[in-house]
Amino acid sequence: MRKSTIAAAAVIVIVGLGAAALPLAEQYSARQIKAGIELGGATVETVEVGLLGRRVTLRNLHVRQVGDISVGRWEASGLSWPLGELLQGRTPLSGLRLGDPLQAGHLELKDLRIVEDGATWSIGSFSVAGFNLARYEVADLGAMQFAALAARIAAALSFTRLEQTQTAYSAAGSGDRTAVSSFTVEAFEHGRVGALAFAGIEAAPKAGAAPVLSMSELTVKGLDLTRPLKALSSAAWRPSRPIGRIGIDKASASGFGGEGLTRYGISLAASPWRASAKARAISDSRTRIDGFVLAPPLTGLEAIQLRLALQMMGLREVRLAFDCTGSENRPAGELAIERCTLAGPDLAEIALSGGLVRADDAFWKAVDEGDGAALLHSTAALGGAKLVVTDKGLVERALKALATTTGRTAPEMRALVAREIRQFQPSGVLITEDLTKLLDTVARFVESGGTLTLDARPDPPVGLDKVSSFRVPGPIG
C-alpha cells in the first residue's frame with residue numbers, strides 16, 4: 001500500500017513538472033521560430049506554439065523576399081515533419097523559411113495581401129486540409145519572381161481540400177479588378193486537380209466600378225496543370241512564351257451577367273465542355289453554348305443601332321445555340337472537327353467539319369506545349385473541310401434589310417448581290433474554272449436559298465507549313 005502510494009505520488013509529480021515545463025517549452029519554441037523567420041529577412045509580430053496540438057500561429061507576418069507579402073494570421077495545426085529533414089537537423093523549431101517543406105493536418109491564413117510590380121492580390125481567408133508541401137527551390141527565380149515561386153510551390157504541393165474566400169486581383173497601372181467570392185479545390189496533387197469550383201466571379205475596369213462581366217458559377221473536373229507549372233517555374237519564362245496545354249476532363253460555366261452583356265441585351269444560360277479518353281492517346285471532346293439571346297434595349301447608341309438592324313430583318317431578338325465535337329487520334333496522326341454547328345431559329349444552321357492528317361510527334365509536342373509557331377514545322381496537313389449552310393430565312397431577311405437601306409426592292413437586291421458574287425475578282429488571283437463554279441454555287445444560294453455545301457478535299461493534303469502561301473497570289477508550292 002505504501003509503495004503504490006509512493007508510485008502514484010511520483011507520477012503526479014512528474015506530470016506536474018511536465019505541465020509546468022510545457023509553457024516554457026512552447027515559449028522557447030516560439031522565440032526560436034520567430035528568430036528563424038526574421039533571420040530569413042521576414043518580420044512577424046507574434047509567434048505562438050501549442051506543442052500538444054502541434055500548432056504554430058503567426059500574426060502579422062511580412063515577407064519581402066519575393067514581392068511584398070503580408071498575412072494577418074497564419075496558423076498550422078497537426079504539424080509533422082519529413083524524416084529526411086529531421087535527419088539533416090532541420091526542424092520547424094529552427095524557423096520557417098521560403099523553400100522549407102511543411103506538413104499539416106490543417107493550414108489557415110487570414111487577410112493575405114500580395115503586391116508585385118504594382119499588381120495586388122488580396123484574400124480574405126484561406127483554409128487547407130491535409131496540407132503536404134515538399135521542399136522546393138527558391139533560388140534563380142528570374143524576372144517573373146512571384147509567378148515562378150507560386151508555380152514551384154504548386155508543383156511541390158498536395159492537399160485534400162482548399163477553401164478560399166474574398167479573392168481580388170487588381171492589375172498594375174489600369175487598376176482593372178477581378179474578384180471571386182469563393183472557390184474550393186479538392187484532391188490537389190502536384191498540379192493535378194480532382195475538382196475545382198468558383199462562385200461569384202466579377203471583372204470590372206477599376207475598383208468600385210460596375211462589373212463588366214460576371215459569372216455565378218464555374219466548375220472544373222479532372223484539371224491538369226502540370227505542363228503550365230513546369231513552364232512557369234522556369235527562370236527563363238516570359239509572358240510572351242507558351243505555358244503548355246491545360247488538360248480538362250469536364251467544365252461548365254453558368255449565370256453570366258455584367259454591364260458588358262446587358263448593354264447589348266445579351267443573355268447566356270450556360271457553356272458546358274467535356275472531354276473523354278476512348279483509349280490510349282485517343283480522345284474526343286464536346287463544347288456547347290446554350291441559351292444565347294441577343295435582344296438589344298432602347299438605351300445606348302450601339303444597342304439602338306443593333307435593334308434597328310434586327311427590326312429591318314423582321315426580328316425582335318436573335319437566339320443561337322452552338323455545339324461542337326472533336327476528336328484526337330495520336331496513333332493515326334489525326335485531329336478532327338467532327339461537327340460544329342451554329343443554329344438560330346428563323347435564320348440558318350451552319351455546320352463545319354474537317355480535320356488534319358499526317359500529324360507527327362513535332363505537331364503533338366507543339367500542341368502539348370501550347371506553341372502555335374512550332375505547328376508550322378510539323379508534317380501535319382489539312383485533309384479536308386466541309387461547310388454546310390442551311391437557310392431558314394437568313395438570306396431573305398438579310399436581303400430585305402439591305403434593300404431597305406439602299407432604297408431598292410428585295411428582288412432587285414437579290415439579283416444585284418448574285419451578280420456581284422459571280423463577277424467577284426480577287427486582286428492578284430487567277431480565276432480558274434473551279435473558282436468560277438464556286439462563285440456560281442454561292443450566287444445560286446443567294447437566288448434560291450436552300451442549302452449551300454462547300455466541300456474541300458485537297459489531294460495531296462495541304463501542309464500547315466504552306467499556310468503562309470495563302471497570303472501570296474499564285475499556286476501553293
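How compact is the range 342-423 by the rule of thumb for globular proteins, expressed as Cα Rg over 2.2 N^0.38 Å? Rounded to two decimals, the normalised Rg is 1.76. With coordinates expressed along the principal axes, the C-alpha atoms belonging to the range 383-453 extend over 40, 27, 15 Å, beginning with the largest.
Taken over the alpha carbons of the range 261-341 as equal point scatterers, the Debye sum produces base-10 log I(q)/I(0) values at 0.16 Å⁻¹ of -0.69.
I need the peptides 259-269, 102-112 ranked by packing, meaning the mean over residues of other C-beta atoms within 10 angstrom, with the highest value on top.
Working: 259-269: 16.2, 102-112: 18.8.
Highest-to-lowest ranking by the protection proxy: 102-112, 259-269.
A 1.4 Å probe, protein heavy atoms only, puts the accessible area of residue 238 near 90 Å².
To one decimal place, what orientation-averaged projected area in nm² is obtained for the convex hull of the Cα set of the range 94-246? Show your work: numbers first, answer last.
Details: hull surface 38.3 nm².
Convex hull of Cα atoms, orientation-averaged projection: 9.6 nm².
Give me the net charge of residue 191's neighbourhood, meaning all other residues with Cβ under 10 Å from the Cβ of residue 191; Lys, Arg count +1, Asp, Glu -1.
On the way: positive: 192, 227, 230; negative: 189, 224.
Its environment carries a net charge of +1.
Note on the chain: dipole from Cβ charges, positive end direction compared against 180, 442, 43; the farthest Cα belongs to 43. For residue 119, the residues 5 or more places off, or on other chains, whose built amide H falls under 5 Å of its own are 172.
Here the label points at residue 45 and residue 319, each 7 Å from Cα along the C-beta direction, are separated by 5.8 nm in the simple model.
The alpha-carbon atoms of the range 315-458 define a convex hull whose volume equals 162 cubic angstrom per residue. Relative contact order of the chain, taken over Cα pairs closer than 8 Å and 6 or more residues apart, is 7 percent. Overall, the accessible surface of the range 222-281 at a probe of 1.4 angstrom is composed of carbon and sulfur to the extent of 58 percent.
Please identify the helices of the chain, taking whole runs of DSSP H, that span at least 20 Å along their own axis as judged from the Cα atoms and have a mean Kyte-Doolittle score of -1.0 or higher. Span-like helices here: 2-39, 433-448.
Taking 8 Å as the Cα distance limit and 6 or more residues as the minimum spacing, I'd like the relative contact order of the range 154-268 as a percentage.
Values: 263 pairs, mean separation 24.4, N = 115.
Computed value for the range 154-268: 21 percent relative contact order.
Volume of the convex hull of the range 133-218 (Cα atoms only), normalised per residue: 102 Å³. Remark: relative contact order (the range 264-367) = 21 percent; criterion is Cα-Cα distance under 8 angstrom and separation of 6 or more residues. Mean projection of the Cα convex hull over all viewing directions, computed for the range 190-313: 11.7 nm². The residues packed around residue 260, meaning those with a beta-carbon under 12 Å from its beta-carbon, carry a net charge of -2 if Lys and Arg are +1 and Asp and Glu are -1. Share of Cα-Cα pairs in the chain beyond 35 Å, in percent? Value for the chain (Cα pairs over 35 Å): 54 percent.
If you look at the Cα atoms of the range 152-194, you get an Rg and a Dmax of 13.3, 37 Å.
Restricting things to alpha carbons, find the Rg to Rh ratio for the range 170-233 using the Kirkwood radius for Rh. Don't skip to the answer; put the middle values down first.
Details: Rg = 14.4 Å, Rh = 13.4 Å.
Value, to two decimals: 1.07.
Note that the chain presents 56 Å² accessible area per residue, ligands and nucleic acids not counted, probe 1.4 Å.
Can you check what the net charge comes to around residue 348, using other residues whose Cβ is under 10 Å from the Cβ of residue 348 (Lys, Arg +1; Asp, Glu -1)? Walk me through the numbers on the way to the answer.
Values: positive: 392, 397; negative: 346, 349, 391.
After counting each charged neighbour, the total is -1.
Entry note, the chain: the mean residue ellipticity at 222 nm calculated from DSSP H runs of n ≥ 4, each adding -39500 (n - 2.57), is -8500 deg cm²/dmol after division by the residues and rounding to the nearest 500.
The values are calculated or read from the model by the stated rules, or taken from the named source; none is laboratory data. Remember, predicted model here, so these are calculated numbers, not experimental data. Note: ideal-geometry Cβ built from the backbone for every residue, glycine included; neighbour counts use all protein chains shown. What goes into the accessible areas is simple: the full protein's heavy atoms, side chains included, and nothing from ligands, DNA or RNA. Shrake-Rupley method; radii C 1.70, N 1.55, O 1.52, S 1.80 Å.
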